[in-house]
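Quick notes on the structure that follows.
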Amino acid sequence: MLALLFTAGGTTASEAGGEWLSYRDAYRAMVVFEKYGRPKNFLQNHFQVMLKEKGVLTDGLQLSLLSKASSLNLPLDPTGRTVFPLLKAAYDDNATLMLTRNAAQYVFRPRVSIVVRSDGVYETSDLRAACEQALTYLRHVDSSARTRRCSGVRLSYLRKGADPVVRLRNGSGDLALLPVAEGASFGDDNNDGFRVVNYRFGEHADKGQLVTQSAPLAIAPLLE
């Protein structure tokens, strides 16, 4: 697990109706990925608000960037992730990130995941390469990850609605439906209100494709 690189300030800002944390601290943590020089073409990096205890992320949770001159809403997806703006002006202004809940109930961290394809078709060799890229980056920022290895990927979906359909197409063109379970999008996340589909590299040859009927919320590397 990535070490926490910044923490919530925990100071109430009653005039804004929430609690703040340092934009500078978050910026320093997030910019590491932008400056990282090794291959990362299969990866993306978000800022994540993560529950400290097991549960489901509260609907209506909002995160905003507040500076002296302006404010910017940072919409959170169901996994608690948002696209983080790297703004020098906000950094220089010592801007704050405002959360509309008690910040002590959450942790805040960078979250690297695998890019979701618009066509829903993933070469299994690309998924293995993506997992290796994620692991190499994790080892870059967290030395304790050196003993971990890539075992597969996890696709996560909202719990409501029909079961997600994810099929494996092997080299001969045969399709196998992968099983659906319930759990968290990411292995170290306490937000467990999702349906997930795991694809493990050891169970299938690399010359194949993963075919999704609908786009997942997130694709996470499975690191064990």
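Structure notes:
- For the range 20-112, pairs of C-alpha atoms spaced more than 22 angstrom apart make up 28 percent of the total.
- The orientation-averaged shadow of the Cα convex hull for the range 98-205, equal to a quarter of the hull surface, comes to 9.2 nm².
- Amide proton proximity set for G208, modelled H, under 5 Å, gap of 5+: T124, S125
- Measuring nothing but protein heavy atoms, the accessible surface of the chain at 1.4 Å probe radius is 50 percent carbon and sulfur.
- Accessible surface area normalised per residue over the range 20-112 is 50 Å², counting heavy atoms of protein chains with a 1.4 Å rolling probe.
- Given a 1.4 Å probe and the protein chains as shown, Y27 ends up with an accessible area of around 50 Å².
- Comparing G60, G183, G80 in a Gaussian network model of the chain, where Cα atoms under 10 Å apart are tied by springs, the biggest mean-square fluctuation is seen for G60.
- Area accessible to solvent at F194, 1.4 Å probe radius, in Å²: 10 Å²
- The sum of -39500 (n - 2.57) across all DSSP H runs of n ≥ 4, divided by the residue count of the chain, sets its helix-only mean residue ellipticity at 222 nm to -5000 deg cm²/dmol.
- Surface/4 of the Cα convex hull for the chain, nm²: 12.8 nm²
- Normalised radius of gyration (Cα atoms, divided by 2.2 N^0.38 Å) for the range 177-224: 1.21.
The values are calculated or read from the model by the stated rules, or taken from the named source; none is laboratory data. Bear in mind the structure is a predicted one, so any value in this text is a computation, not a measurement. Note: areas computed on protein heavy atoms with side chains; ligands, DNA, RNA excluded. Shrake-Rupley method; radii C 1.70, N 1.55, O 1.52, S 1.80 Å.
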